[in-house]
Every structure is written in structure tokens, then in C-alpha cells.
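Before any comments, here is the structure.
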Amino acid sequence: MSAAPSPRADARENRRRLIEATREAISSRGLDVSALDIARAAGLGVGTLYRRFGTKEALLDAVVLGLYDELCDTARACMTRADAWEGLSEFVMELAKAHRDNLGLATVTAACDQQPSPELAERTTALQEAVADLTQRARATGLLRADVTWQDIIICSRAALDTQHCLGVDAGPEGWRRIITLLLDGLRAPGHTTLAGQPPRTTGI
């Protein structure tokens, strides 16, 4: 007969189930999901959620930080691509996909008027630096137009968030990829039209 799982192993498994359930919940429903709904989706009691994380907000923070860490890993992988333009393009596509796939993440990345936690501020800075590196690397090849900043790149990644339906036109579930591809072509050098307005600015975090 196999031994019963240890309390520590049970705790790890419960944590994993709560993280997974929360990630799925905020992907489709955003950050307003209830603790009870998360616990039920994980097949656990709400008391387990509070024992493992203390508060629903702490659980949400853990999930969001994990999503940011995944994006940082993606950026690092894109930096290793032999073709700098392909590396930048791949990251923009992946960041746009992350925004499309997770309503909670899209909400957090847009919340520039709120003071983030120190942990989230650290991840935000790391992502900004990664995008700046990818942008500079692509610019050095002459393929990225000189007037495009890394801040432009970050804002552009949200362009596909609301592109599926307009005036009776249905782009389909993969239509956002066409939008990002069109946008990336517009970032290529040489640019044919002077960019209007001032470049996006970095807010304090």
C-alpha cells in the first residue's frame, strides 16, 4: 500500500490547484472573481484559500506576478533570436496574445494610475527594460524606424484587444494576429509618414 501524501505535499498541491483555478478565472472574468468561485473551481473549500494565501488579493497578486515572470522569460528568449527583428516581432505578438488571453492581466497592465506593490513594480521595470533592449537591438539593424520608441512598442501590444467586431464585420478569433502583423509592418524602416504627437511617456511606478 502506498503511503498517504504528507501534509506538506498536500499544501503544495492545494496551492497549485488554487493558482491554476485563479489563473483560469481571471483570464475570462477579470479580477472581480470571488474567493468562493476560485475555491470551488479548485475543488477546495474557501477556508483552504485563506489558509494558503491569507486573502484573495494575495492570491491574485501571486498569479499576476507569475504572468509577469512568464513574459520576462519570453522576452529573454526573444533576445536570443539570431534575427533581431524576428525577436522583437515575436515578443510583440506574444505580449498581444497575453493581453488577449487574460482579461485580468490586461486590466493590471493598464492600471497606470494605481501604485503597484513593490513586487509588481519590480516586474514592470524588468519588462520595460526587456522591451527597451529588444527595441534597441532591432533599431541597430536598421529595420526598425528610428522614431519608434520602446514605449511605442508596449502601447502597440494592446492594439488587438478590441478588434474582433466592428460595424458588422467579424474578424474571427485569430483576426488579432492580422492586426499585429499590419502594425509590425508599420514599425519597419523606413517610415513614410511623420508620427503625430509626442511619444508615449513612462509613468512612475
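The values are calculated or read from the model by the stated rules, or taken from the named source; none is laboratory data. No experiment lies behind these values; they were computed from the predicted model shown. Cβ placement follows ideal geometry from the backbone for every residue including glycine, while neighbour counts extend to all protein chains displayed. The area values use the complete protein model at the heavy-atom level, side chains included, leaving out ligands, DNA and RNA. Shrake-Rupley method; radii C 1.70, N 1.55, O 1.52, S 1.80 Å.
Some points to look at:
- Residue within segment 78-98 that is touching a strand residue (DSSP E or B) at 6+ places or on another chain (Cβ under 8 Å), within 20 Å of T124 (Cα to Cα) and open to solvent by less than 40 Å² (accessible area, probe 1.4 Å) present: yes
- In the set (1) among the small types (G, A, S); (2) more than 21 Å from A62 (Cα to Cα); (3) assigned to a helix (DSSP H, G or I), the condition left unmet by A121 is number (2).
- Hey, D73 closer than 25 Å to D61 by Cβ, at pLDDT 95 or above and surrounded by fewer than 18 Cβ atoms within 10 Å (Cβ to Cβ) or not: yes
- Where L67 falls short, out of the listed (1) open to solvent by less than 50 Å² (accessible area, probe 1.4 Å); (2) modelled with pLDDT under 95; (3) assigned to a helix (DSSP H, G or I); (4) of a type outside the set (D, E, K, R): (2)
- Candidates are the residues of segment 99-118 that are open to solvent by 60 Å² or more (accessible area, probe 1.4 Å) and assigned to a helix (DSSP H, G or I); the one that is farthest from G172 (Cα to Cα) is P118.
- Inside segment 125-178, residues that are outside any helix (DSSP H, G or I), open to solvent by 70 Å² or more (accessible area, probe 1.4 Å), without any contact (Cβ under 8 Å) to a residue 24 or more places away in the chain and not hydrophobic (A, V, I, L, M, F, W, C) make up a count of 6.
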